[in-house]
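Below is one structure, written out as structure tokens; the observations come after it.
The values are calculated or read from the model by the stated rules, or taken from the named source; none is laboratory data. Everything quoted here is computed from the prediction, not taken from an experiment. Neighbour counts run over all protein chains shown; Cβ positions are idealised from the backbone, glycine included. Side chains included, ligands, DNA and RNA excluded: accessible areas come from the protein's heavy atoms. Shrake-Rupley method; radii C 1.70, N 1.55, O 1.52, S 1.80 Å.
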Amino acid sequence: DQQVKQNSPSLSVQEGRISILNCDYTNSMFDYFLWYKKYPAEGPTFLISISSIKDKNEDGRFTVFLNKSAKHLSLHIVPSQPGDSAVYFCAASASGANNLFFGTGTRLTVIP
Amino acid sequence: KAGVTQTPRYLIKTRGQQVTLSCSPISGHRSVSWYQQTPGQGLQFLFEYFSETQRNKGNFPGRFSGRQFSNSRSEMNVSTLELGDSALYLCASSDGQGFFSGNTIYFGEGSWLTVV
């Protein structure tokens, strides 16, 4: 049972435009959410996170939005750059836990 | 500081064999967790160790086991390998204090296991 879902396996965006990656979750106990970026042959790299007490968190070009009532979060990348091309994983955790539940990933391609 | 180190990076095993993978966490981190990545399945949580004790376990058969040593290094073992065990096995380390303390999980580059 996939508790974290990324329904878009791939996304292509022009350089300089906005990339929006979406993630849905089913477990209402999740209260901390993270995004990881993964290049081929490398481990996932932490990008940005958000706790359930917030609905938005920004870090430079990256912003994560959380809609708890819809059990939905999204990652916005503005402006998108070719170096952003990678697989992005959404992950969630419940309070007190130290393990993550991951989505299946979205492959972002930023076209120069 | 040094990152998470996993060995070996690549290995090929035959069905029925067993395999042991090793992970050295970031210095000072006491929590090590293991994940399996297969195409279309994302990253699936295997287990997490903290101070040599397994704190949490995912939904994998008993053929998958692990342990953690006093220096926080961890090993995972898969016995009686099956073709479906072919995957990227990722190790992650953290300080083990949970995410609300500002902690996060850092991953190694993974061990690619192919079962033939």
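Scanning region B:39-55 for residues that are closer than 17 Å to A:Tyr36 by Cβ and aromatic (Phe, Trp, Tyr) returns a single hit, B:Phe45.
Regarding B:Thr20, is this residue farther than 23 Å from A:Leu47 by Cβ, over 15 Å from the mean Cα position of the chain (by Cα) and not in a loop (DSSP other than H, G, I, E, B)? So B:Thr20 fails the test.
Residue pairs whose Cβ atoms lie under 9 Å apart, separated by 6 or more positions or on different chains, with the first residue in region B:11-32 and more than 14 Å from every other protein chain (Cβ to nearest Cβ) and over 12 Å from B:Thr80 (Cα atoms) and the second of a type in the set (Gly, Ala, Ser) and crowded, with 18+ Cβ neighbours inside 10 Å, are B:Leu11/B:Ser111; B:Ser22/B:Ser74; B:Ser22/B:Ser111; B:Ser27/B:Ser72; B:Gly28/B:Ser72.
Yes/no per residue for (1) within 13 Å of another protein chain (Cβ to nearest Cβ); (2) over 11 Å from A:Leu21 (Cβ atoms); (3) hydrophobic (A, V, I, L, M, F, W, C); (4) exposed (fewer than 13 other Cβ atoms within 10 Å of the Cβ):
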| position | (1), (2), (3), (4) |
| --- | --- |
| A:Tyr36 | yes, yes, no, no |
| A:Pro40 | yes, yes, no, yes |
| A:Phe46 | yes, yes, yes, no |
| A:Glu58 | no, yes, no, yes |
| A:Val64 | no, no, yes, no |
| A:Lys68 | no, yes, no, no |
| A:Leu73 | no, no, yes, no |
| A:Val78 | no, yes, yes, no |
| A:Gln81 | no, yes, no, no |
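Candidates are the residues of region A:93-112 that are within 7 Å of chain B (Cβ to nearest Cβ) and farther than 19 Å from A:His72 by Cα; the one that is most open to solvent (accessible area, probe 1.4 Å) is A:Gly96. When A:Gly83 is tested against (1) more than 21 Å from B:Asn103 (Cβ to Cβ); (2) in contact with a Ser or Thr (Cβ under 9 Å, 6 or more places away or on another chain); (3) not hydroxyl-bearing (Ser, Thr, Tyr), exactly one condition is not met: (2). With a requirement of 1 or more residues that are open to solvent by 20 Å² or more (accessible area, probe 1.4 Å) and within 26 Å of A:Ser8 (Cα to Cα), the strands (runs of 3 or more DSSP E) lying completely within region B:42-116 that satisfy it span B:42-50, B:111-115.
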